[in-house]
Structures are given as C-alpha cells and as structure tokens.
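Working notes for the structure below.
The values are calculated or read from the model by the stated rules, or taken from the named source; none is laboratory data. Since the model is a prediction, treat every value here as computed from it, not as a measurement. Cβ: placed from backbone, ideal geometry, glycine included. Neighbour counts: every protein chain shown.
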Ligand SMILES: Nc1ncnc2c1ncn2[C@@H]1O[C@H](COP(=O)(O)OP(=O)(O)O)[C@@H](O)[C@H]1O
Ligand SMILES: [Mg+2]
C-alpha cells in the first residue's frame, strides 16, 4: 500500500486480478483479494467458555531479570534483555506481549519456560513456585506449560514423519502405548483441523501453515494449561495467519487454555488477547486492554502503534512523527 502504484494478486500460480493500488485496496473484485484484505482486520475476541476464566491466576512473574554475557558482582547479567518484568496471566485468558525486534520478547518467553533461566525474580505457576531452570522443574510442571516458536521449520525434526513428532510427548508425558498413541495422533490432527492422512508426511512436505498446526498439535499433546506462542504467525501470510488465530481461539473455548501471545504485529495481538503488555528495551512500558489500543497512555506505545503500516496508501504521508518522541525512542 505504501510503495506500489499497481498491485498484482497471485494465487496458485495464477494472476487473479490486477489494478491500481487504490482500486485493489478499495474496490477489489476477486473474492480472494477481498479475503486477503479482510484478514488484515482483527476480529474481536468472543466471550469466555470457562466460567472460571479470569478469576484465577495461572501464572505470575515478579521482577524477573535475565540476560546474556558475564555475570556482574551482584549476580545480574552484563547485558539485560529482560529487566525487572512482572506480569500475570489469568486462567482461560490471554496476555499479549508486543514490542519491536530486540526488546526482549523471546528472552522473556524462554525465561518463563525455564529454557533460559532468570538471573533474578520469582515465577509462580498454578499456585506453586517454579524453579528458574526447566531441568529442575517437575515433569508435570514442564507438561503444563508449552512453548511454540516462530520457525516451525527448525522446531520440527525433518527426519521424522508427523505422527512420530506428535507421538513423542504422548510417550514422554503420558506414557501411552503404541496403539493409544496412534489413536491420539488422529484426535490431535482433528483438533488442529489437519487431514489425518498428513500423519505419514515429513515436515518438508507440508506448507508453512500446516507445519505451524503440527507444531501446535505437538504442544497440545502434552495437555498444557498455558501455551507460550512466540511469533507463531510471523512467517505466514495474512489469510493463513488469521486462520491459525481463529483455530487458537476455538481451541481455547474447547479446552480452557491460556496463551501468552508474543508478536511484533499489533493486529494479531489485538485479535486474540484480553490484555496487552508493551515492552521496550527489556522493560514493561505499560499494560493495556485491546479497546485502549486507539489511545495508549505511554508515549512509547503511541509511537509503536502509530508505526503499524496501514492498508492505506496515504498512511505514510499522514504519519505525524513527534521529533522529540522519535529521538527519545530512537530506532522505532
Ligand atoms: N543468545 C544470545 N546472546 C547474547 N545476546 C542475545 C542472545 N539472544 C538475544 N540476545 C539479545 O537480547 C536482546 C533481546 O533479544 P530477544 O529476546 O530475542 O528480543 P525479541 O524477541 O523481542 O526480538 C537483544 O538485544 C538481543 O540481541
Ligand atoms: Mg523474538
């Protein structure tokens, strides 16, 4: 929208429609173009399925600090990627984490999951204190909190068929025998709306969206209470991404899950989250509800939200950049 004079819409190797940018954006004729454009508009989240939702804390972290490099004398890392962050996730609810690249979102996700142990702070999950390092947590604690990453390609073992990938947590966490595992694989493929026949394929024989669904089925196989989703839609196009978001919402209604949904894309976070935490430079800047996105209180959030490119060819020209804000928050 910002740079092109004319737009060509491709699907399945064929041109569906072509026209000036204004014509495509405001008067698309082809249904596929309309579907692509509609996927930009987040659909608001619907009511909770779980009567308990929002009444009970599932996860609380207090003043968590983590980073990389050498430790200082006070036991804190030289490079702080996450700096005294506190947050709460309620049962059956979703917390969005948004911020520019490098602000510490993935480090925060890994710290909560214990893959990258925090240097300081407390993590309380389902009423119990969690060890900072995953290897010191109980098997049930590991099972109840799953993490799904952006790069389905690197997350899925290329040498294994889909059924083996999904069956692994069934053996590890639930000790299911061969026959029970096979049955459960079918159920999990149904849950993520993939055809059962895909169980025999290898990851390289799947599309990006299908890979992300397999990734998700594997997380569901553990029977988790919380799934941390780190940029899981970032490598997908808008139509496929919005289908994945709709699936996540449906599964939440069915299973009463909670999500921490990490993204640099505000429209994605808005579509699925009850609360949104804005991060900048390792710190929590503010926490808002999606209805407040239009009017955030903190100047950094204002700058971040105004930086989301709109499907409006005049957006860039109309963008008023407060020079003081831009100099304060630099590269945003
Ligand atoms: N393995 C690592 N070693 C050293 N620094 C790292 C490592 N991983 C991330 N960082 C740094 O930590 C900061 C936060 O990174 P990250 O958590 O990946 O941010 P985000 O997910 O928001 O893009 C960045 O400055 C990044 O360069
Ligand atoms: Mg990241």
Query raised in the report: In the list 122, 126, 63, 50, which residue meets the criterion of being away from ligand 2 (no atom under 16 Å from the Cβ) and at pLDDT below 90?
Result: 50
Query raised in the report: in contact with a helix residue (DSSP H, G or I) (Cβ under 6 Å, 6 or more places away or on another chain), under 21 Å from residue 276 (Cα atoms) and at pLDDT 95 or above - does that describe any residue in segment 71-92?
Result: yes
Report task. Quickly run through segment 92-113 and pick out the residues that are in a loop (DSSP other than H, G, I, E, B) and in contact with a strand residue (DSSP E or B) (Cβ under 8 Å, 6 or more places away or on another chain). Result -> 92, 93, 99, 100, 103, 104
Query raised in the report: Which residues, taken from segment 298-319, are assigned to a helix (DSSP H, G or I) and modelled with pLDDT under 75?
Result: 315, 316, 317, 318
Query raised in the report: Can you find a residue in segment 71-89 that is touching a residue at least 60 places away in the same chain (Cβ under 8 Å), within 16 Å of ligand 2 (Cβ to nearest atom) and exposed (fewer than 13 other Cβ atoms within 10 Å of the Cβ)?
Result: no
Query - Matching option when the condition is under 30 Å from residue 84 (Cα atoms) and away from ligand 1 (no atom under 16 Å from the Cβ), among 262, 272 - result: 272
Report summary line: Over segment 216-275, the set of residues within 16 Å of ligand 2 (Cβ to nearest atom) and surrounded by fewer than 22 Cβ atoms within 10 Å (Cβ to Cβ) is 230, 231, 234, 235, 236, 264, 265, 266
Requested in this report: Can you confirm whether segment 82-91 contains a residue that is within 9 Å of ligand 1 (Cβ to nearest atom) and assigned to a strand (DSSP E or B)?
Outcome: yes
Requested in this report: For residues that are in a helix (DSSP H, G or I) and either touching a strand residue (DSSP E or B) at 6+ places or on another chain (Cβ under 7 Å) or exposed (fewer than 13 other Cβ atoms within 10 Å of the Cβ) (or both), tally how many sit in segment 1-33.
Outcome: 6
